[in-house]
């Protein structure tokens, strides 16, 4: 009698923000001050910068919101929703109104 084998099919999950939201990968917290002082692991300087990973269709189609994928942004983390996608990722869904600034290179 042949044995049945359990084959697990891997599916790739993606995250698409809805409404006026973007998906942001938060920059790593800094462990060294500008003066070069190493901070212990128990102390963190909160960073609120990150890169836009995905944009909702509503934001993409809005000419008044100049946000593009891969933009480096400054955001208010109070209403950012953490996404438990992968253990080492620091992904957050952030409402557009909580985006404070976009870093642009001078032309």
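Read-outs: derived from the displayed coordinates by stated rules, not from any lab. All of these numbers come straight from a predicted model, not from anything done at the bench. A quick note on method: Cβ atoms are made from the backbone with ideal geometry, for glycine too, and the neighbour counts reach across all protein chains shown.
Miscellaneous remarks
- Relative protection proxy for 73-79, 50-56, from highest mean packing down: 50-56, 73-79 (other beta-carbon atoms within 10 angstrom).
- The packing ranking of peptides 94-102, 60-68, highest mean first, is 94-102, 60-68, where packing means the average number of other beta carbon atoms within 10 angstrom of each residue.
- Spin-label model, residue 101/residue 58: points 7 Å from Cα along the beta carbon direction are separated by 2.7 nm.
- Segment residue 79-residue 29, extension gain: residue separation times 0.36 nm, minus the distance between their alpha carbons: 16.2 nm
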